Amino acid sequence: MTTELYLLAVLLALLLGLAAGKAWERYKLRDGRWVDRRRLRETPHYMLGLNFLVDNQVDQAIEELGQATSLDTDALEVRMILGNLYRQKGQVGRAVNVHQALLQRPDLTELEQAYVLLCLGLDFRHGGFVDRALEAFQEVLRLDPRNRYALVNLQKLYEDQHQWAEALRVREQVAKIDGGRHPDNQQILGFLRNEIGHEQQRADDPAAVRTFQAAIDTDAHTVPAHLNLGDLREGRGDLAGAVEAWERLVAAVPEQAHFAFDRLERAYRTMGAPHRFVELCHRLIDRELQGWRPRLALSRHLAAAGQHRAAFDQLLDALPHHPHALAIHQQIWEALEALAFDPALIRRYVELTREAVFYLDPHICRRCRYRSTEPLWHCPQCHEWNTFVEERLAPAKDTAAAETMEAP
């Protein structure tokens with residue numbers, strides 16, 4: 001009997017403990033009265049605010065979440081969201097006020113303080129207060145040294161100030177935290193090392209060669225490092241070494257080999273071997289039958305040698321693969337002029353271009369859709385690296401056919 005009573009007492013104590021825990025999870029004492037923690041989530045304003053936020057209806061989300069916080073002025077996460085929405089709307093002052101007010105709370109945990117400081121740092125960065133943003137992100141890292149988001153934003157701030165060595169140091173910390181899970185780290189490290197090398201090159205620092213080589217070793221797809229290394233070697237009289245650097249670019253990133261075409265053509269001509277450029281173009285054409293840039297480069301080379309008909313044929317071969325490239329059309333008209341505007345050749349050209357669409361800004365950022373008339377290594381809008389691609393337009397019937405083929 002005594003044993004049964006003891007077990008019953010233990011069971012009752014356990015149940016009472018669970019009930020007390022649930023009550024503590026749901027209620028908190030404020031101003032001498034108990035407040036239901038779940039009340040905020042049960043209000044329609046909270047749910048509506050979240051729905052508007054998901055639908056990217058920022059004004060409605062601000063209104064509903066603002067009304068929701070009137071039920072619980074201590075709702076930390078909702079006030080953080082409100083501050084972030086103010087920043088998104090460009091109301092940086094209000095965002096700063098909201099997040100600074102949250103930092104005054106005495107009951108914040110270190111993790112909560114770190115997150116509020118992170119939001120405050122984003123406010124300052126958005127408003128152009130660089131020094132204060134740096135301080136905020138550095139304070140976040142003091143509280144949470146492995147906060148990847150703070151590190152990435154700190155890196156971007158250093159990049160904006162062209163403090164490439166500091167940006168590299170921070171990105172190395174990010175790569176260490178990621179542990180190889182993000183392949184973009186090597187690409188970014190390569191570009192940052194290239195920027196350091198570029199500054200060294202302008203200062204005539206002999207360390208630039210090693211820095212460019214380090215960028216290539218970090219990521220062989222760092223195109224400007226290959227170009228800069230070759231330019232540096234050429235400037236020092238090492239033409240063979242320059243050609244080696246540019247040819248490594250062609251081998252590593254053949255789809256961007258056109259950045260080295262002018263350099264290689266000039267170098268091969270200086271070396272008395274112009275046929276090497278023709279062979280290079282043919283290798284690239286054979287590798288990618290839809291590649292138009294090697295054909296364009298080859299046509300220019302042939303035209304310079306007086307082979308205008310062969311140059312024209314290369315251009316017509318390139319045109320179907322990228323009918324929107326203005327450079328192709330300009331080169332075609334130069335070839336037609338050299339061929340005395342042969343009516344038969346003009347008809348061939350017109351037939352290929354009848355349904356073409358022209359535009360002058362074919363390069364577009366994959367991340368933020370920023371458009372540029374030239375390829376950029378660093379997007380001026382979203383500040384990401386190596387995100388620019390050529391935007392190609394396909395005829396509607398081809399798009400429909402492709403969708404039909406992809407349909408299950």
For this session: Evaluate the Kirkwood expression for the hydrodynamic radius of the stretch 286-356, namely the inverse of the mean inverse distance over all pairs of different C-alpha atoms, and round to one decimal in Å.
Result: 12.0 Å
Seminar exercise, completed: Residues 292, 377 in order from fewest to most other beta-carbon atoms within 10 Å are 377, 292
For this session: Pop a pseudo-label 7 angstrom from the Cα along the beta-carbon direction at both residue 326 and residue 240 and give the gap in nm to one decimal.
Result: 4.2 nm
Exercise. For residue 367 and residue 54 in the same chain, what is the full-extension length gain: residue separation times 0.36 nm, less their Cα-Cα distance, in nm?
Worked result: 110.7 nm
Seminar exercise, completed: Taking R0 as 51 Å and r as the Cβ-Cβ distance between residue 381 and residue 342, the FRET efficiency 1/(1 + (r/R0)^6), rounded to the nearest 0.05, comes to 0.65
For this session: Sticking with the crude label model, points 7 Å out along Cα→Cβ, report the distance from residue 165 to residue 149 in nm, one decimal please.
Result: 3.2 nm
For this session: Pull up all non-local amide H partners of residue 378: gap of 5 or more, or a different chain, and H-to-H distance under 5 Å with H placed in the peptide plane.
Result: 386
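Using Cβ counts within 10 Å as a stand-in for footprinting exposure, how do 333, 246, 385 rank, fewest first?
Ranked by crowding around the Cβ, least crowded first: 333, 385, 246.
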Exercise. When the convex hull of the Cα atoms of the stretch 65-142 is projected onto a plane and the area is averaged over all directions, what value comes out in nm²?
Worked result: 4.8 nm²
For this session: In nm, give the distance between the simple-model label positions of residue 101 and residue 273, each being 7 Å from the Cα along the Cα-to-Cβ direction.
Result: 7.2 nm
For this session: Work out how much length residue 287 to residue 138 would gain on full extension: take 0.36 nm times their residue separation and subtract the Cα-Cα distance, in nm to one decimal.
Result: 48.8 nm
Seminar exercise, completed: Quick calc, residue 252 & residue 210: beta-carbon distance into FRET formula, R0 22 Å, rounding 0.05, result 0.70
Problem set entry | Extension gain (nm, one decimal) between residue 266 and residue 177, 0.36 nm per residue minus Cα-Cα | 27.6 nm
For this session: Once you have all Cα-Cα distances for the stretch 183-273, histogram them in 5 Å bins from zero and send the whole-percent values.
Result: 3, 17, 26, 24, 18, 9, 3, 1, 0
For this session: Kindly provide the trypsin sites (Lys or Arg not before Pro) of the stretch 184-259 that DSSP labels as loop, not H, G, I, E or B, and whose Cβ sees at most 14 other Cβ atoms within 10 Å.
Result: 236
Problem set entry | Fewest-first ranking of 299, 372, using other Cβ atoms within 10 Å as the exposure measure | 372, 299
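Bear in mind these aren't lab numbers, they're just calculated from the coordinates by the rules spelled out. Source: prediction; values computed, not measured. Reconstructed Cβ throughout: ideal geometry from the backbone, glycine too, with neighbour counts over all protein chains shown.
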